[in-house]
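We did not get these values from a lab; they are worked out from the coordinates using the rules stated. Computed from a prediction, not measured in an experiment: that's the story for all the values here. Heads up, the Cβs are rebuilt from the backbone with ideal geometry, glycines too, and the neighbour counts pull from every protein chain shown.
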Amino acid sequence: MPDTAEGLRRNIGGSSLRPLTDSEAISWLLPSELDSLRRTDIPDAYYVPTTVGGHLITPLDRFRASLKQKGLTFSLSYKAEAMDNLDGGVERGADYVHELTLQMHFDLDKLVGLRGWTLHALVMNRVGHQVSTDRLGERYINLMEVYGLTGGVAAHLVDFYLQKTMLDGRLDVAVGRMSLTHVFATSPLLCSFMVTCSAPVILKRAPGFAVYPKATMGGRVRLRPTRDTSVQLGVYQVTPLASNPSGWAWGSERTTGVMLPIEFTWQPFLTDKKLPGHYVFGYARDTSRYADLMTTGAANAIKRDSTPPSAPMNMYWFEGDQMIYRKGGSDQMSGGYLMFGYVHNTPRVAALSDQYYAGFSFNGVVPHRDTDRFGVLWSWYHVSDRLRLNQMYLIDSGQSLGASVLAPQTSSHVIEAYYSIDVMPGLQLQPEFDYMIRPGETTKTSDATLLGMKIIANF
């Protein structure tokens, strides 16, 4: 599961929002004995962190409590990932990455009298090497979450935004500099897997989708129309991925368009066990103009279709999970989930156009270890047909695909398994197993078997 700092980062959605109406939508169609919401509202607490509770440096607890009374909450965390390619890929060997994160929340009511306002700030440092590119020859899919986009600086600025809950707790608004994946296309379950944290891979590959730690200027609103539904929508600046790599030079960013995401969630609670489910339907429109993947090299000369040379980009996603048993408590993470989803990008501008995934995340598999989790996730990735056709044209014309592409690319699979262990307050260990089928999205590189370890420490 996400570390405490990450969980706090994702808690900007106003996890205790009150519904606008005291009614149900889709859940009303369920039999009354199956629908827990029929009788009473249940707090919307999916984004509340539940693991890596406490701190390793306990003498600071009194100091933390004193600062919180004055209006300041902070979290300092360390996350490390090491992964060894045991077989397959382009070469054997191991790589290591780590992330240091400082997150601060300023209660502006206590500090300056602005009732209901909170200022959030996050700075981080990342170093290391990615096993996917170094050992597998894989350019699209990062098997390790903690990698890249920090600009090679000691303190990369990620977040700097204001949040306010209004209308008596019924509307949550955030504006400033932030990542889209704080609340869009993400979940604690997805982020328990390294490959899908903080969003499905092909959304990470979308050029205009600001995936953590990439941040951009914008705002979003979130509300619950009924007790079983929520809606959030936003408007965000789109800038080139490589612009302002340090996060501090806002004036150097070149705006190419606007990102317009919207997301609808149906959240039922089933049976007298109150088993939660989350069925998320999302869409985003990037108004930037992107070159057609068929407009390069020989393909441009041969191309005879009517597709415009540049066009905006559309992204669609469905992310579902359903708890099937409850164990260890009453919150939304105290139980085992089935997971499934599908994501689509515009094929003419995105290298990866489709992703399917399915898996599970179970807690309490080992007796008396109710907060430990065991998860397995299978993902399938499809390369854009237009990119593959472009590569075929280049080969037919005698041109090179480049050193990193060995043949026209089609698809790949990743199977990830982990067991997350709460060692002590403030410390979590997570052994990892990965198996990648068709690294580089071709048959030229043999399937890869990897073992790794993830460590999360909250100070």
* To do: With a bin width of 20 angstrom, please list the P(r) values of the chain as percents of all Cα-Cα pairs, from the 0 bin to the one holding the largest distance.
  => 23, 58, 18, 1
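Using a Förster radius of 30 Å, what is the FRET efficiency between GLN69 and TYR325 based on their Cβ-Cβ separation? Nearest 0.05, please. Before the final figure, lay out the partial values.
Details: r = 40 Å, r/R0 = 1.32.
So the FRET efficiency works out to roughly 0.15.
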* Asked: Where does helix 385-396 land angle-wise versus the long Cα axis of the chain, in degrees 0 to 90, nearest 10?
  -> 20
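From the alpha carbon gyration tensor of region 368-458, can you work out the equivalent ellipsoid semi-axes (sqrt of 5 times each eigenvalue) and give them in Å, largest to smallest?
On the way: eigenvalues 313, 28, 22 Å².
Semi-axes (√(5λ), whole Å): 40, 12, 10.
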* Starting from the Cα-Cα distance between THR40 and HIS413, subtract it from 0.36 nm times their residue separation and give me the gain in nm to one decimal. => 130.0 nm
* Asked: ARG170's amide H: which non-local residues (gap 5+, or another chain) put their own amide H closer than 5 Å, with H modeled 1.01 Å from N in plane and none for Pro or chain starts?
  -> ARG18
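Tally Lys and Arg at +1 and Asp and Glu at -1 over the other residues with C-beta under 9 Å from the C-beta of MET259: what net charge comes out? It would help to have the intermediate numbers written out before the result.
Values: positive: ARG285; negative: ASP286.
So the surrounding residues net to 0.
Sequence gap at least 6, Cα distance under 8 Å: using those rules, report the relative contact order of region 4-458 to the nearest whole percent. Show your work: numbers first, answer last.
Numbers: 1207 pairs, mean separation 70.8, N = 455.
After rounding, I find 16 percent.
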* Asked: What are the principal axis extents of the Cα atoms in region 172-317, in Å, biggest first?
  -> 64, 39, 30
* Asked: Under the Karplus relation 6.51 cos²θ - 1.76 cosθ + 1.60, θ = phi - 60°, what is the ordered set of whole-Hz ³J(HN,Hα) values for region 206-222, x standing for Gly and Pro?
  -> 5, x, x, 8, 6, 8, 3, x, 5, 10, 8, 6, x, x, 8, 10, 9
* **Calculated [θ] (222 nm, deg cm²/dmol) that DSSP helices of n ≥ 4 give over the chain, each run adding -39,500 (n - 2.57)** => -2500 deg cm²/dmol
* Ratio of Rg to Rh for region 63-187, alpha carbon only, Kirkwood? -> 1.11
* Asked: How would you rank LEU203, LEU143, LEU100, going from fewest to most other Cβ atoms within 10 Å of each one's own Cβ?
  -> LEU100, LEU203, LEU143
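Could you give the size of the charge dipole of region 4-458 about its Cα centre, using +1 on the Cβ of each K and R and -1 on the Cβ of each D and E, expressed in debye and rounded to the nearest 20?
1040
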